[in-house]
Amino acid sequence: MVAAIVSSPVYADARGRAQVGSLIEAISSRLPASDAKRFDAALDVANVGESWVERDYERYVEEPMGAAARDESARAGQALAWTDRQISDNLAATRRWAETARETPHNRYLDHAAGEVAGGAQESYGALKGAIRHGLGMLGETVDLAKFAHQFSTDRDFRNLVIGAASVYASEAIEDPAKLPRDLRHAAVGAWNTWKAGLEQAIREGKEHEYLGNAKGAAAVEIIATFVPTTKLTKLARVAAVADAGEELAPTAGRTLSSLERRQAGALSETLAELVQDARRVQGKGGLEADGANLMFHGLAGVKRSQGALGALVDELRRSSNLDGLLQSGALSPKELAHLARSDVSLFDGQVSFHAALDAAIGKRELTSLKNHEVGAIGEALVSYELAAKGYRDLVPIQNNSGHGIDLAGINPETNRWEIFEVKASVQGIARRQGGDPEDFLTVRLNRAASERGLEQGLWAPQNMWEEQAQAMAARIIEETRDRTTGKLDIKANWARVNIDRDPATGAITGTPEIEKGMTPAERRHERSLCNENAPPARSPADAEHPDHAMHQQIKGKVEEPDRHVGRSFDAISERMTASLLVLAKDNGLTQVDHVGLSRQANGVEAAQKVFVVQGWPTSFSVMYAGMPTVQAAHTPVEQSHQQLEAINARLAQEQLQQSTLAQTQTPPQPGPQMTMT
């Protein structure tokens, strides 16, 4: 049949191809589900759908679909906390739905949307019901519909994968004539947006499981079955069946997966490999299409992560030259990116660099909204990548899942000596300076990680460590570095500080690790004494003779105002704040400070996260201002700020001298007496 259609003179003509869809719909809708499945597979193999689609994704899936994808992506990887009773009730509800939906579908979202678009025409409702029956029939040939809807409701990773795959398939075969008329296709999209808005509202109210458990997950499956092109429905069902993380989705009769495929959950099946290829192409288009493809990668990574097969997924994507798609999607966490860098830094030699992958993982989140453990993971990822790029080998964090232990250990390629790294990161510009005795903590932590007692207690057992080989690596380091006579470990300790920020022009994450030798308390005291002896004390702007005294007093007065209102005196914090803001003002070209203010709450970020100095009225066209993290301003030592101020003043004086010299060299000679020779 497909061969006859393709070879027909009608199909060779553009106007004829536009009418072929009606013929395909008429044939497919009258076939039993099993035959319709074979027919649609043959159409897909012949690329019939591709030849008469109109690639107009925005008009078909529209902006709300992209917004839905981005919203799901932001929450990817978070499992729903369902009780056994809730799971049981949901499965029972979806089972009842599956028994009747394929014969007498009733979907209030689709009914309402179709009524608005089609004006209640009976033939429109008939077409819509037919599309639902046909779509569910196609899905039901490959998966158990009840289990499919149940897992869609209860497993966010699975749901992300299905929604993302549906979006990818829709973007590859838009305006499929074998589907609904255009007005009802838009009704399906409208129904999807209504369903998604309800889910978002339920999430905000903390009622996500109730919403999805009330057969709403099944409703979403029906909607998806109406807007995914007919030629892609079987593929979507196979994706769900192959990727299933727990239950057996394939129905008892007519299973299409081999037992080998089901056993090897970690392997990337032919179905998923093809989806990844499709998603990679769609990803390259950018915009809304890329949102759907990224969501698919989030869901796929989440499913594989839950199966303990994320490493296998990375390997297979690399072999098929599709790893860049996963990296670009932001589906991997900073910890996972750090693991990849330590394992094989060349993974980031493709189109997506390590820093681009890290940007994608963090997304557009405000850095100040990140939790401490997230900031720490980003800092450790940046240090891991830098060391791996320098050729350090056997890099591994010797930490348990609580984050206790040694942040990073590895062998220096130049000295062939073991080194350990304590990493401190901040998004406030105040990454912690050295403290403690590195010789003590590295010995204690290595022994604790390697000891049999730690293994027995479970805290340092392989399954409770971020990398399972960490316990064995700790024992190896001790064995290779211990002095047989003294018992001391010959390991170089390092301290790495990472101040994380965003590039103001591009928004990209920045943060170059500052790595220095770990020093004992005695060594740090000695270094400070040498610095104090060699460096003249910085002049204080509090002195009346200081050139910045006037601005210092302006800022001090503004800082004192809120203190007075709450009955608090000007204290050490106020003094540090004043000194920090003076440096901020001078470094940003302000010549006076008329206002000092704190940031307001906005976009989920708490108030007072930043402090600002302002020159002029805030509403004035010529206003100038500069800001910095409040915590940094309040905690930077006064002496450090004074030294920074002197450096800024020296730089400004040098710039002024250079400008003066340049002006003199460019000044034309003054006219004077002239001599003419004849």
³J(HN,Hα) computed for each position of segment 567-574 - Karplus, 6.51 cos²θ - 1.76 cosθ + 1.60, integer Hz, glycine/proline x: x, 9, 7, 5, 10, 5, 5, 4
Cut-off under 5 Å, modelled amide H: who pairs with ALA508 long-range: ASP503
Residues whose placed amide H lies under 5 Å from that of LYS610, excluding near-sequence neighbours: SER599, THR630
Residues whose placed amide H lies under 5 Å from that of GLN615, excluding near-sequence neighbours: ASP594, MET624, TYR625
³J(HN,Hα) computed for each position of segment 381-398 - Karplus, 6.51 cos²θ - 1.76 cosθ + 1.60, integer Hz, glycine/proline x: 5, 5, 5, 4, 5, 4, 5, 4, 5, 7, x, 4, 10, 6, 6, 7, x, 9
Order of MET473, MET1 - criterion: other Cβ atoms within 10 Å of each residue's Cβ, fewest first: MET1, MET473
Selection of GluC sites (Glu not before Pro), segment 500-602, meeting DSSP coil and at most 13 other Cβ within 10 Å: GLU545
Segment HIS404-ALA508, extension gain: residue separation times 0.36 nm, minus the distance between their alpha carbons: 34.5 nm
Sorted by Cβ density within 10 Å, fewest first, the residues GLU200, GLU336, GLU422: GLU200, GLU336, GLU422
Taking ASP315, ASP503, ASP40, ASP144 and counting other C-beta atoms within 10 Å, the order from fewest to most: ASP503, ASP315, ASP144, ASP40
Under 12 Å from the GLU527 label point (7 Å along Cα→beta-carbon), backbone N, segment 423-449: 433-436, 438
For segment 294-302, 3J(HN,Hα) per residue [Karplus equation, 6.51 cos²θ - 1.76 cosθ + 1.60, θ = phi - 60°, Hz, x = Gly/Pro]: 4, 5, 4, 5, 4, x, 4, 5, x
Potential extension, SER320-SER353 segment - 0.36 nm per residue separation minus Cα distance: 10.1 nm
Extension gain, ILE411 back to SER346 (0.36 nm per residue minus Cα-Cα distance, nm): 21.6 nm
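No value in this document is a laboratory result; all are computed from the given coordinates. Owing to the predicted nature of the structure, the values given are computational and were not obtained by experimental measurement. Virtual Cβ from ideal backbone geometry, glycine too; neighbours counted across all protein chains shown.
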